[in-house]
1. Calculate what fraction, in whole %, of the accessible area of the chain sits on carbon and sulfur atoms when a 1.4 Å probe is rolled over the protein chains.
2. Starting with the highest mean, order 69-79, 88-98, 145-155 by the number of other Cβ atoms within 10 Å, averaged over the residues of each peptide.
3. Keeping all protein chains in place, calculate the accessible area per residue for the chain (probe 1.4 angstrom), answer in Å².
4. Would you mind checking the tilt of helix 330-348 against the longest principal axis of the Cα atoms of the chain, expressed as 0 to 90 degrees and rounded to 10?
5. Quick one: give the max-minus-min coordinate of the C-alpha atoms of region 17-174 along each principal axis, largest first, in Å.
6. Please say if region 131-197 is rounded, prolate or oblate, where rounded means a/c under 1.5 for a ≥ b ≥ c the square roots of the C-alpha gyration tensor eigenvalues, and otherwise the choice is prolate for a/b larger than b/c and oblate otherwise?
7. For region 214-323, which chymotrypsin sites (Phe, Trp or Tyr not before Pro) are in a loop by DSSP, counting at most 16 other Cβ atoms within 10 Å?
8. If you line up the long axis of helix 59-76 against the longest principal axis of the chain, both from Cα atoms, how many degrees apart are they, to the nearest 10?
Amino acid sequence: EKGGYEHFMLKEIFEQPKSIADCMRGRLNASAGELTLGGIQNYAEALAQADRIIIVACGTSWHAGLVAEYFIEDMCRIPVEVEYASEFRYRNPVIKEGDILIAISQSGETADTLAAIELAKAKGAIVFGIVNTVGSSIARATHEGAYLHAGPEIGVASTKAFTAQLTVLIMVFLKLAKRKGTIAESRFRELLIELESVPQKVEKALKSDDQIREISELFKDAHNFLYLGRGYNFPVALEGALKLKEISYIHAEGYPAAEMKHGPIALIDENMPVVFIATRDSSYDKIVSNIQEVKSRKGKVIAIVTEGDVLIPKMADFVIEVPATHEALMPLVSVIPLQLLSYHIALMRGCNVDQPRNLAKSVTVE
Ligand code: M6R
C-alpha cells in the first residue's frame, strides 16, 4: 500500500507529478486555451461579481489560501482576506448577503472550517469548497466547489494535498480572470502552458532528494530553524516551517524575509539554520540582500534557488536547485525540497513521520 516507499509521506511527496496531473486532467487544455471546472457553474457569475473574497482554512490549507490571495489579487483584481477558520468564526465577522467564502480542506472534516462555513451561510454568503475527500462534511456543506482529485492522503503531514489545492485554486482563478477580462489573453495562454509543465518540473525538483538527505544529516540536531521567503514564496516559507515542526519536533518559524529585521534577526548566530526560498522572481534582488544580512551574522544558509542561479551559490552554505517557472506557479515547485528536508530530518531523529505525536489527520475537535 506504500507502493515500495518506507512511509506514506514519502510516497505522497513522490506522487506529486501524478497527483498534480490528475488534478488538471479533463480541466486544463492548454493548447485550446480552455479551463473547464464542472463543479463551479451555477454561482460562477456571483463569483465574477464579488467585491471581495474571504478564504477560510486551517494549517497547510490556510497556507494554500495565502498563495491564492496573492494570485487572486494579481490576476482578478478582487480583494481577498485569508482567515484562520477558528479565528473567523468566533469574532463576529462582517459578512453580507452574497459575499463569497472559499473553504479549503483536504479532509473535508475540519471542525473549525465547517463551523465557519455554517456561520457564513447563515449570513447569506455563497460558499465554495476546495476539498480532497469526496462526499465529506465540508463538500456537502458548500454550495459549489472543485475537488482536488489528488487521491487519499494518509501521512498526517499534508504534502500532495497542498500542491493539488494550489493547482485547483490557480485554475479556478485563471478562469475567473479570463471571464472578468483582468488578464491579457497572451498572459492567460502563457500561464496555461506553464501550468501544464508543472508536473515535469516537480519531477525534476524531486531529483534533489539525495542532496537534501546529505544536507539533513548536517542539520538534524538543530534546535531551531528559520524559513524566509517573499511574495509568492512567503506562504511556502510558512509551509516549510510547519512541515519541519510537525514531524521532526524542531522549532521552526516562517517569516516574510523583509520582516526579519523587525525581530527575528536577533536570533541569528552560527547555530541558526535559515532556509531561504529565493527563486528568481520580482523580489529576487531583495531576497539576495536578506541572504547577505544573515551571512554577515554567521547564520547557516540553505537556499532554494532557480536552476542556473550563479549569484546565490556564492553566498549560501548550501543551494538546492528547482526548475524555473512563472513566479505565480513557483510555490508548486519550491515547496518540494522543503517537504523532503522535513521528511529526512524527522527520519534521522527517529520520529514517527506518518503519525507524529499529538496530531490527527483530521482535526474534528474544536
Ligand atoms: O483537512 P484539512 O485540510 O482541513 O486540515 C487542515 C490542517 O489540520 C492540516 O493542514 C494540518 O495543518 C496538517 N497536519 C499540516 O501538514
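1. Details: 7210 of 14490 Å².
Carbon with sulfur: 50 percent of the solvent-accessible area.
2. Details: 69-79: 18.5, 88-98: 13.6, 145-155: 20.5.
Result, highest mean first: 145-155, 69-79, 88-98.
3. Each residue of the chain exposes 40 Å² on average to a 1.4 Å probe.
4. 50 degrees
5. Result, largest extent first: 44, 35, 26 Å.
6. On the way: a/c = 3.74, a/b = 1.66, b/c = 2.26.
In terms of gyration-tensor shape, oblate.
7. On the way: sites: Phe219, Phe225, Tyr227, Tyr232, Tyr249, Phe276, Tyr284, Phe318; in loops: Tyr249.
Those that pass, being in a loop and sparsely packed, are Tyr249.
8. 70 degrees
The values are calculated or read from the model by the stated rules, or taken from the named source; none is laboratory data. Everything quoted here is computed from the prediction, not taken from an experiment. Quick reminder, even Gly has a Cβ in these numbers, built from the backbone with ideal geometry, and neighbours come from all protein chains shown. For accessibility, only protein heavy atoms count, side chains too; no ligands or nucleic acids. Shrake-Rupley method; radii C 1.70, N 1.55, O 1.52, S 1.80 Å.
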